[in-house]
Amino acid sequence: MQEQNQPAVAASSTERLRLAVIGAGLGSAPHFHSLEDLAGEAELAWVYGRSAERLAAVRLPAQARRTTRLEDILEDASVKAVLVLTPPNTHLDIVLRAARAGKHVLVEKPLEIDLDRATRLVQACESAGVTLAVMLQHRLREAALGLKALLDAGELGRLVSASASVRWWRAQGYYDEPGRGKLARDGGGVLITQAIHTLDLLLSLTGLPERVTGLAATSPVHRMEGEDTAAALLHYAGGAMGVVQATTAAYPGFPERIEINGTLGTATLESGELQVMFASGKRLALGERQGSGGGADPMAFNHAAHRDVLQDFIRAVQAGRTPAVSGRSALGVQQVIESIMESSRAGCAISLPPASQPG
């Protein structure tokens, strides 16, 4: 893992991966910055956008071409992979077409607007034999990797309880943008758009719960279709429990936080900083504080973790291995989010079928 504030070191023994970016909206900036850092490993060939005006405003390397025709990318046999950065409700169609064309895919979170469409997307890539990764970059932060290693080694003992808190802020103007927080385009509100990163990281550390009890609502702070406030109780096998709190109505926005309590110690992960207190008296600190876009500016964060996910994807394609943040692994958070919303509507706990739990 390279230092968080240093460009990645290129793999000199491998030919650069030729790829294309599909979508050049607000969320594309950290991807383009990452591609600049990884110029020794990847060559940007094309950028697709629906608007020629928006494309013209994107600064690209000399060899890259702009297009409003997706076919230009899909029909270019030299392009081996695509980054899909378009709105969530477009992911399935674009990824199906890319997979049929034999392109490997890195898709922005969430996979799609609901679990059924997300599952179809994953299955299509598996059937086509192409690599699928998802930009859930919190998993590859230094502190998150350190905590994962501790848990895998059993150093915190058995899971007792866990919590995830995402108390962010978005002004009404954010949701006044066409499509923002709409079920048809985004699939929902705070859970699937903002809290998905922290919830995905929690689930990657604890595993999936057996049951979920959830509440979700739109607060008086916002006018929007999706929820801006949600809470959930996660029921784990063996009696452990988890608590989730998520909102974009907490002015001015606060650092996201994960706490994991085990029989041998407690770990607290907040905005890239890990603090562990062991029952033995030992203490551990790892990582450094990072912005996460939790305030008025949704893009106020370092792109280093984006770069790490992209670099891992490039190397996974080159080596023919499963990426660190695979499409199938990203189905878990989608399933839990859908269960929270279903529980809120039904007023009861929702069980996650063991046979359908993603690996």
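Rounded, prolate or oblate, given the Cα gyration tensor of the chain, with a/c below 1.5 counting as rounded? Since a/c reaches 1.5 and a/b is larger than b/c, the shape of the chain is classed as prolate. Taking the number of Cβ atoms within 10 Å of each Cβ as an exposure proxy, the fewest-first ranking of I337, I73 is I73, I337.
Note down the net charge around T86, summing +1 for each Lys or Arg and -1 for each Asp or Glu among other residues with Cβ under 13 Å from its Cβ. Combined, the nearby Lys, Arg, Asp and Glu give +1. Couplings 3J(HN,Hα) of the stretch 21-27, computed from phi: 9, 10, x, 10, x, 4, x Hz, in residue order, whole Hz [Karplus 6.51 cos²θ - 1.76 cosθ + 1.60, θ = phi - 60°; x for Gly and Pro]. Charge dipole (Cα centre; +1 on Lys/Arg Cβ, -1 on Asp/Glu Cβ; no other charges) of the stretch 17-137 amounts to roughly 200 debye.
Considering the chain as a Gaussian network with a 10 Å cut-off on Cα pairs, which listed residue, Q63, Q290, Q194, attains the greatest mean-square fluctuation? Maximum among the listed residues: Q63. If I build a Gaussian network model for the chain, linking alpha-carbon pairs within less than 10 angstrom, which residue out of D308, D116, D228 has the largest mean-square fluctuation? Maximum fluctuation in the GNM of the chain, among the listed residues, is at D116. Checking the cross-link pairs K109/K282; K103/K182; K148/K182 against a 31 Å limit on the alpha carbon distance flags K109/K282; K148/K182 as lying beyond it.
Please report how far the C-alpha centroid of the stretch 322-350 lies from that of the stretch 18-67, rounded to the nearest whole angstrom. So the two Cα centres are separated by 31 Å. The charge dipole of the chain, taken about its Cα centre with unit charges on the Cβ atoms of Lys, Arg (+1), Asp and Glu (-1) only, comes to about 200 debye.
Among A240, A149, A316, determine the one that fluctuates most according to a GNM of the chain built with springs between C-alpha atoms less than 10 Å apart. It is A149. Taking Lys and Arg as +1 and Asp and Glu as -1, the other residues whose beta-carbon sits under 13 Å from that of A42 total -1. Only bridges whose two residues both fall in the chain count here: according to DSSP, what percent of them are antiparallel, nearest 5? The antiparallel fraction comes to roughly 60 percent.
Each reported figure results from applying straightforward, stated rules to the coordinates on display, with no laboratory input. A quick note: this is a predicted structure, and the numbers were derived from the prediction, not measured. Note that each Cβ is placed from the backbone with ideal geometry, even for glycine, and that neighbours are counted across all protein chains shown.
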